[in-house]
1. THR212 to SER354: extension gain in nm, 0.36 nm per residue of separation minus the Cα-Cα distance?
2. Which ³J(HN,Hα) values in Hz, rounded to whole numbers, follow from the phi angles of the stretch 160-173 under the Karplus curve 6.51 cos²θ - 1.76 cosθ + 1.60, where θ = phi - 60° and Gly and Pro get x?
3. Could you state the accessible area per residue of the stretch 130-258 in Å², with a 1.4 Å probe and every protein chain left in place?
4. Which of LEU106, LEU137, LEU115 moves the most in a Gaussian network model of the chain with Cα springs under 10 Å?
5. Treat every Asp and Glu Cβ in the stretch 130-258 as -1 and every Lys and Arg Cβ as +1, leave all other atoms uncharged, and give the resulting dipole magnitude about the Cα centre to the nearest 20 debye.
6. At q = 0.24, 0.28, 0.30 Å⁻¹, what log₁₀ I(q)/I(0) does the stretch 36-94 have when each alpha carbon counts as one equal point scatterer in the Debye sum?
7. Using modelled backbone amide H atoms (1.01 Å from N, in-plane), which distant-in-sequence or interchain residues come within less than 5 Å of SER189's amide H?
8. Might you report the magnitude of the Cβ-based charge dipole of the chain about its Cα centre, with Lys and Arg at +1 and Asp and Glu at -1, to the nearest 20 debye?
Amino acid sequence: MSNPSLLILPGDGIGPEVMTEVRKIIDWYGTKRDLAFDVSEDLVGGAAYDKHGTPLHDDTMAKAQEVDAVLLGAVGGPKYDVLDFSVKPERGLLRLRKEMDLYANLRPAQCFDALADFSSLKKNVVAGLDIMIIRELTSGVYFGEPRGIIKEGNERVGINTQRYTESEIERVARSGFEMARKRGNKLCSMEKANVMESGVLWREVVQRIGDTEYPDVELSHMYADAGAMQLTRWPKQFDVIVTDNLFGDLLSDLAAMLTGSLGMLPSASLGAPMANGRPKALYEPVHGSAPDIAGQGKANPIACILSFAMALRYSFDQGDEATRLEQAVEKVLADGYRTADLLGEEGRSPVSTSEMGDAVVAALDASLS
Ligand code: IPM
Ligand code: MG
């Protein structure tokens, strides 16, 4: 049997340097665990624009459709702000999500013990926090038509459309319920049914899927604004949250920051099962391209490393190896390794991006003895 295939798209800003560290981890699995991957690498975002004049070349898109999983670094940067909307780096990422139909975006927000002091919230509010946000990723206001900037009389109007079909809500609701069953069996669905028809439909459909297919899962509903408030007040009340594309974008950034470690959080974007039964999948850190620190060896590679751990779990049926990698990361943090983003006012000197990657590899080695 051939090796599982992995397409790596480092992208822009700190993307390439954090991906270099992930390559060390991937190599480690090949040599030490007999788990070799066929890795190919390509361009996305501004890097692709610079070479091809488009943030995602058709050949790269085709490759992404064929591989077992895609691992992406980050896209975007100030250099590209002036570009036309249609070729901005972000469009490359959005095209991947849309054309691979990656409708379920899993964004865990987990507070690492070693970093609980780092949150902007009190330690007791966040210590041990472990929630999973499932964000709908291929529809809603991000993609709804009509959209654009049009002329109306003598002024311009900016238009975007929030739009959800029943089947789009159904499938992401099922992702939420399935995830809840694997965790604490609690699902909270968030929308704005008090002001938006799409929210009314969302709530109805999620409730119906719950009643008919997942009566064992404890389901609740919350308006997304109240959800944001509750997430900051007492986040541990939540287990799995399912929400739409835009609310999920906001709420997942909020949840990430609660953990005090935006540089630590991975994500998985999953679609329908392929012929081999595994979902189409793209994995990426939640953080962005951080152009202000790019190329200086300051970036924290852990979010991207943990994104590879998610790939091990969800695309390659290697749950135990995923846990091994997550525990290696926890050990490195417990041992005091800190990149600059994790240091605050402590006055210690940070480790570099590559030192952090090496430390994780050493912790993986230690896990074997
Ligand atoms: C995210 C990002 C993206 C989004 C951008 C880069 C298009 O903020 O993945 O959360 O808005 O979805
Ligand atoms: Mg975002």
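1. 46.1 nm
2. The phi angles translate into 9, 10, 7, 8, 9, 8, 4, 5, 5, 6, 4, 5, 6, 4 Hz.
3. 47 Å²
4. LEU115
5. 260 debye
6. Listed by q, the Debye log ratios stand at -0.94, -1.18, -1.31.
7. Residues meeting the criterion, in which the H sits 1.01 Å from N, are SER220, HIS221, MET222, VAL242.
8. Its charge dipole is roughly 380 debye.
The values are calculated or read from the model by the stated rules, or taken from the named source; none is laboratory data. Computed from a prediction, not measured in an experiment: that's the story for all the values here. No Cβ is skipped: glycine too gets one built from the backbone with ideal geometry, and neighbour counts run over all protein chains shown. Ligands, DNA and RNA are excluded from the accessible area calculation, which covers all protein heavy atoms including side chains. Shrake-Rupley method; radii C 1.70, N 1.55, O 1.52, S 1.80 Å.
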